Amino acid sequence: MKRWKAEIIMILVVALWGLSFSLTKPILNDIEIFNFMAFRFLIGGSILSITSFLLGRMKIEREQLLGGAITGAVLFLAFTFHTIGLKYTSIAKNAFIVGSSVVFDPFIATYIKKQKQTKLTWAGTYLAILGLALVTLEGHQNSINFGDLMTLAGSIILAYYIILVEEYVKKYDATVIAAIQICTVGVLSLIVSLIIETPTIKLSPQAWRGMLFLGILCTAAAYLVANITQKYIPATNMALIYTLEPIFAAMFGWIFMSEIIGLQAMIGAMIIVVSVVIPNIDIFIKKVDGVLQSE
């Protein structure tokens, strides 16, 4: 597969993830949070597991199973906070705060992994924090609401998840790791739902269509394709493609949910996108210099 084709496919995947915000929010009006997560991730995990089995990749080692379960548990916490946040804040604000999880990576990498960061990385991080403040403080209440705080907590956990999972995908089959992770999220969601909620399968036909779309396309297919295309797309370019997710989310929220993002939040969102690009400026310059010198 050529790189440009992989990038186009990955942009479509990110668009699906952006659409998932608009599909999730109305479903949360009819079903409780962990009940919803159990359905979505058990559907997605089952399909990924079947796919891995058909591809002959289900020979699982103990360390691989343990790594998938640990990272899956962390992913479960991140999705829990993000889903709670989505219920109590707007799609656009939730999406941009979720998308800003990358700004917490330098702090975690520096103080937990003891890895030094470049000045451009820190510049992008601090700029993203400014953007976050503008997004979360937007609105007539001019304050951070409960949903924003929950989403922010989930983004910090997601940043740790991204760093943690990097160690395992280098050692094991990324597709199998993804299947274990998603199944872990589904099982943990089901357990919590049975303990603190009253699980139900009585949803409207429209809600079930949305749930199946989320489970099959936005979870199973999207994670599988993301793992495959990452073989052809450099990590720096992949990070830039991921920044399109909150933009797609805001666009679909405007189209399907009639949500309007204010000027202040729009400026903050643009700052967040720019902040993610900044750490890659030096890499881009080096690539351009290399091309010019080769000519």
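Here is how the numbers come out for the structure above:
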{"read-out": "Residues of region 174-200 classified as free of Cβ contacts under 8 Å to residues at least 60 places away in the same chain and within 11 Å of Ala38 (Cα to Cα), total", "value": "2"}
{"read-out": "From the options Thr83, Thr125, Thr110, residue that is part of a helix (DSSP H, G or I), of a type outside the set (A, V, I, L, M, F, W, C) and without any contact (Cβ under 8 Å) to a residue 12 or more places away in the chain", "value": "Thr110"}
{"read-out": "Any hit, region 90-99, residues being farther than 22 Å from Thr184 by Cβ, crowded, with 21+ Cβ neighbours inside 10 Å, of a type in the set (Ser, Thr, Tyr) and at pLDDT 80 or above", "value": "yes"}
{"read-out": "Hits in region 211-229 (condition: at pLDDT below 90 and of a type in the set (Ser, Thr, Tyr))", "value": "Tyr223, Thr229"}
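The values are calculated or read from the model by the stated rules, or taken from the named source; none is laboratory data. Bear in mind that the values here come from a model prediction, so they are computed numbers and not experimental data. So basically every Cβ, Gly included, is an ideal-geometry build from the backbone, and we count neighbours across all protein chains shown.
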